[in-house]
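Asker: Pasting a structure below so you can have a look.
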Amino acid sequence: MSIPPAVVHASGTTFCDVSRSQQALHEAPLAAATQLARSRKPIKLRDNSIMPLHCFRFPLAACLLISGLPSATPRAEAASVIVSVENIRSAQGEIRASITDSAANFEAKAWTDRAQTPAQTGATILRFDNLRPGRYLISCFHDENKNGFLDRGLFGIPVEGYGFSRNARGTFGPPDFHDAAIEVPEGASEVKVSLSY
């Protein structure tokens, strides 16, 4: 922002129009104050007295210092979850995991993140990064035929291995979110999920 036009006194001394300078300072305090300080011109006050601009150097320096200070509110560190999937019966297909942060999202299958890795007999590891600390449910299944879905048989019973965080089990369906949800703190944490076939 440019400084308001200067006013030339009868004596030949150049002054700044204070009313317009104040408006500029209100609109862009730091930018206007910086330009005023660089101009090295005195300011004409309402009583026609003169105030040299070097009087503003300390407040300007203070503004610059304060503006460069970090925020007093600490940022929460991102969270990571290392998921150890156990009881994998074969190395066929893939192990898939999904994570979600609310009961509504779990019901709607609106996942916060997903991960997958080739299956291996016994156990394997998946990881979720850049999460906000909070409560999460983790769902895993063994996609043996690699079709991207948990296959079901008669009466909707899964025919591929599946499991949830806290090894929660539901009755005639998936467990309740609050029964399976875990607390994910800042930093890295580990969760074990055992598959059932």
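Asker: How many residues, within the range 137-196, are closer than 24 Å to Ser90 by Cα, small (Gly, Ala, Ser) and within 27 Å of the chain's Cα centre (by Cα)?
Answerer: 2
Asker: Right, here's the next one. Being in contact with a helix residue (DSSP H, G or I) (Cβ under 7 Å, 6 or more places away or on another chain) and modelled with pLDDT under 95 is true for just one of Leu36, Leu64. Which residue is that?
Answerer: Working: Leu64 fails: in contact with a helix residue (DSSP H, G or I) (Cβ under 7 Å, 6 or more places away or on another chain).
Unique residue meeting the criteria: Leu36.
Asker: Quick check on Ala188: is it touching a strand residue (DSSP E or B) at 6+ places or on another chain (Cβ under 6 Å) and at negative phi?
Answerer: Numbers: touching a strand residue (DSSP E or B) at 6+ places or on another chain (Cβ under 6 Å): yes; at negative phi: yes.
Considered against the rule, which asks whether it is touching a strand residue (DSSP E or B) at 6+ places or on another chain (Cβ under 6 Å) and at negative phi, Ala188 comes out as yes.
The values are calculated or read from the model by the stated rules, or taken from the named source; none is laboratory data. Nothing here was measured: the structure is a model prediction, and the numbers come from that model. For neighbour counting, all protein chains shown are included, and Cβ atoms are generated from backbone atoms with ideal geometry for every residue, glycine included.
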